[in-house]
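Quick note: the coordinates plus some simple rules give every number you see, no bench work behind them. Quick caveat, the model's predicted, so the values are computed rather than measured. Ideal geometry is used to build each Cβ from the backbone, glycine not excepted, and the neighbour counts take in all protein chains shown.
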Amino acid sequence: MGMELVIQLIAGVLGGNAAGTAMKNLSLGTIGNSIIGLVGGGLGGQLLAMLGIGGAADAAAATSGMDITSIIQSVLGGGVGGGVLVAVVAAIKKMVAK
């Protein structure tokens, strides 16, 4: 497992919990936000890498392995991915509950 993926997963957990805290009516609870954020962080970071926007694609191209740009892109991609997936899953859960 690459360091970029680990950063994306951690950022996803943080982003998922931040989204749950910001949208209390859509929160899945700490554990739910963390699990969905973890998945979203991995997916978000990998999606950005596939699009060539950053993360693993930049790190693979860099001769030093990891630079500050790839770390920032991994954090942003993972955090946003985790937050977005928590919001989507929570909204779907709320719609189904009605």
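Between Ile31 and Ile53, what length in nm is gained on full extension when 0.36 nm per residue of separation is reduced by their alpha carbon distance?
Gain on stretching Ile31 to Ile53: 4.9 nm.
Rounding to the nearest 10 and keeping the result within 0 to 90°, find how far the Cα-based axis of helix 68-97 lies from the longest principal axis of the chain.
20
Output the 0 to 90 degree angle, nearest 10, between the alpha-carbon long axis of helix 3-22 and the longest principal axis computed from the alpha carbons of the chain.
With both axes taken from Cα atoms, the answer is about 30 degrees.
Could you work out which residue, out of Gly41, Gly12, Gly52, moves most in a Gaussian network model of the chain, that is, has the largest mean-square fluctuation with Cα springs under 10 Å?
Gly52
At 7 Å along the Cα-to-beta-carbon direction for both Met3 and Ala91, put a label point, then send me their distance in nm to one decimal.
3.6
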